[in-house]
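Enquirer: One structure, pasted below without further comment.
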Amino acid sequence: MMRSMFAGVSGLRSHQTMMDVIGNNVANVNTVGFKSSRVLFADALSQLIRGASSGTALTGSVNPQQVGLGVRISATDLQFTQGGTQLTGNATDVSLQGDGFFAVRQGEEQLFTRAGAFHFDDEGFLVDPSGGVVQGWKADALGVVDRGVPVGDMQIPIGQKVDPVATTSVSIRGNLDATTEVSGRGRTTMINIVDGQGIEQRMTLNFTKTAQNEWEVEVLDPANNSLGTETLEFDEAGQLTSPATPPEFTFTPAGGAAVVFSLDFGVAGGARLTQYGSSTDAQAVGQNGSIAGSLRSFAIGADGSVSGVYSNGDSKILGQVAVAQFEDPKGLISASDSRFRTSAASGPALIGAAGEAGRGAIQAGTLEMSNVELSQEFTNLILAQRGFQANSRVITTSDEMIQDLVNLKR
C-alpha cells in the first residue's frame, strides 16, 4: 500500500520539475540566444518480488514478478535547434547560422554563447552586454590573420591611424586611336600619386604619336617639369609589344624623399593599353599609394573577418572572430546571461573559423532569438498539470485505502 503512495510522491516531484523547466522556457521566450530545455522521465528502480525461472520437462518458464517504485527525472536536455533571426542593422550584432558558439572571456574564465549582441567598450574591445570580451585573432600590419596562435581579446579601436604609403605603380588602361596622324594630338591624362610624406602630387601624362604603331608617353610633375619619356610600340593587331617591363620615373618633392613609380600598361588577356581603330580613351585609372587615414567603420564577414574602412578609402582585415564547437553541446553547463561553460560531458572547445569544419556562418546585423516554441510549451503545461493531478489522485486513493484498513478493527 505504501509503495503506491511513494510512487505518487515521486510523480508529483517529477512533474513539479517539469513545470519548473517549462516555466523557465516560457520566461525566456524573448531572450536573445536562449536555448530551451526539455524534461525526460524514466521509471525508478523496481522491487523484485519473485524471480524468474526457466522451463522444465513438466512445467513452463516463470516470468519475474516486480513492482515499480515510481518515476524519476533522467535528463533535462538543452535543445540547440536554430532560433529565429531578427534583423537589427547594428554592425556589431551577429548571429550564427548553424552549429557553434561565440567565445567570450569573463575574467580568467572562457565562456560560450549564441547571443551575439556585442558592442565596443571605451577601450575598443568587442564585448557582450555583461562585459565578456569576445575572443578571436588579430591581424598583422598587412591584414593577415594567423589562426595557428591561441585566440585573444578582439580589439578594434575606432580612430586607429594608418601610415601613408608612397606610390610605386600607376595603372594605365584604355585605347590609343590607331588612325591618329603622326605627330598629331594624342591624349593627356592626370593622376595624383602619394609621396613619402603622404602628400598627394599631381602627375600629367601626355601621349603623342611619333610613328606608325609607335607612341611616346611623357610624364610631367606638378610644376610641368618633365620626368622623362618612354616609347610605346604596338604590333599590327594593336597589342603593346614594348616596353617589355613597366618603365620607371623618379619624382623628388621639395623637402621630401624621391618617389620612384612605374607605369603599368596591363597584361594580355586582361584590361590593358591597346591601339585599335577606335576613339582614344587612354587614361591613368589608379595607383597603389595611399595617404594617412584613420579607421572610420568596419564590417564583419560570414567567416568572422572584421574588415576596417579608413578615411583614405583603404580597407583591410583587422581580425577574425572565433567560433567554438563541441563534440556534445548538450553536455554544456548553463552559466546565466545566455552563456555556457564546458563540462566533462561536453568535451573541450574546438576553436576555429566560422564556416569551416561544420561550424555555422556568421550573419552580421542580425541576432538569433530564443528557440522556445510557445505552442509546444503550452501543450507541455497541460501534460504537466494532468500528470501532477493524476499522481495526486494516486496519493489520495492510497490514503483512503489505508484508512479503510485502519477501520477494519471497528
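The values are calculated or read from the model by the stated rules, or taken from the named source; none is laboratory data. All values reported here derive from a predicted model rather than from experimental measurement. Using ideal geometry, Cβ is built from the backbone for each residue, glycine included, and neighbour counts are taken over all protein chains shown.
Enquirer: When both residues are 6+ apart or on different chains and their Cβ atoms are under 6 Å apart, which pairs have a first residue that lies in the range 21-48 and is within 25 Å of D128 (Cβ to Cβ), and a second that is aromatic (F, W, Y)?
Expert: N28/F34; K35/F80
Enquirer: Just a yes or no: is a residue in the range 150-163 assigned by TED's automatic domain parsing to the domain that holds Q110, assigned to a loop (DSSP other than H, G, I, E, B), without any contact (Cβ under 8 Å) to a residue 12 or more places away in the chain and out of contact with any Leu (no Cβ under 8 Å at 6 or more places or on another chain)?
Expert: Scanning the range 150-163, I find at least one residue that is assigned by TED's automatic domain parsing to the domain that holds Q110, assigned to a loop (DSSP other than H, G, I, E, B), without any contact (Cβ under 8 Å) to a residue 12 or more places away in the chain and out of contact with any Leu (no Cβ under 8 Å at 6 or more places or on another chain), so the answer is yes.
Enquirer: Here's a check for you: in the range 316-350, which residue that is in a loop (DSSP other than H, G, I, E, B) and touching a Ser or Thr at 6+ places or on another chain (Cβ under 8 Å) is nearest to G360 (Cα to Cα)?
Expert: F326
Enquirer: Checking D20 against (1) over 30 Å from Q363 (Cα atoms); (2) part of a loop (DSSP other than H, G, I, E, B); (3) not hydrophobic (A, V, I, L, M, F, W, C), which single condition isn't satisfied?
Expert: Every condition holds for D20 apart from (2).
Enquirer: Which one of V104, V134, V145 is surrounded by fewer than 22 Cβ atoms within 10 Å (Cβ to Cβ) and among the β-branched types (V, I, T)?
Expert: When all the criteria are applied, what remains is V145.
Enquirer: In the set V145, V219, which member is in contact with a Gly (Cβ under 7 Å, 6 or more places away or on another chain), within 23 Å of L273 (Cβ to Cβ) and either among the β-branched types (V, I, T) or in the same structural domain as A271 (by TED's automatic domain parsing) (or both)?
Expert: Only one candidate passes the filter, namely V219.
Enquirer: Let me ask something else. Looking at V194, is it surrounded by 15 or more Cβ atoms within 10 Å (Cβ to Cβ), outside the structural domain of R272 (by TED's automatic domain parsing) and either among the hydroxyl-bearing types (S, T, Y) or at pLDDT below 95 (or both)?
Expert: no
Enquirer: Could you check how many residues of the range 114-128 are closer than 24 Å to I158 by Cβ, under 18 Å from the mean Cα position of the chain (by Cα) and not small (G, A, S)?
Expert: So the count comes out to 7.
Enquirer: Related question: Out of F80, F6, which single residue is part of a helix (DSSP H, G or I) and aromatic (F, W, Y)?
Expert: Checking each option against the conditions leaves just F6.
Enquirer: Looking at V39, V94, V32, which is the one that is closer than 28 Å to R341 by Cβ and in contact with a Leu (Cβ under 6 Å, 6 or more places away or on another chain)?
Expert: V32
Enquirer: Report, by residue number, each residue of the range 132-143 that is at pLDDT 90 or above and not in a strand (DSSP E or B).
Expert: Across the range 132-143, the qualifying residue is only G132.
Enquirer: So A103 clears everything in (1) among the aliphatic types (A, V, I, L, M); (2) modelled with pLDDT of 95 or more; (3) in a loop (DSSP other than H, G, I, E, B) except one condition, right? Which one?
Expert: Failed condition: (3).
Enquirer: Mind listing just one residue for me: the one in the range 83-99 that is assigned to a strand (DSSP E or B) and among the β-branched types (V, I, T) and, of those, farthest from A302 (Cα to Cα)?
Expert: Applying the filter and picking the extreme gives T85.
Enquirer: In the list Q160, Q155, which residue meets the criterion of being of a type outside the set (V, I, T) and farther than 30 Å from S343 by Cα?
Expert: Q160
Enquirer: Let me ask something else about it. Give the residue, chosen from V26, V62, that is aliphatic (A, V, I, L, M) and closer than 30 Å to T366 by Cβ.
Expert: None of the others qualify; the one that does is V26.
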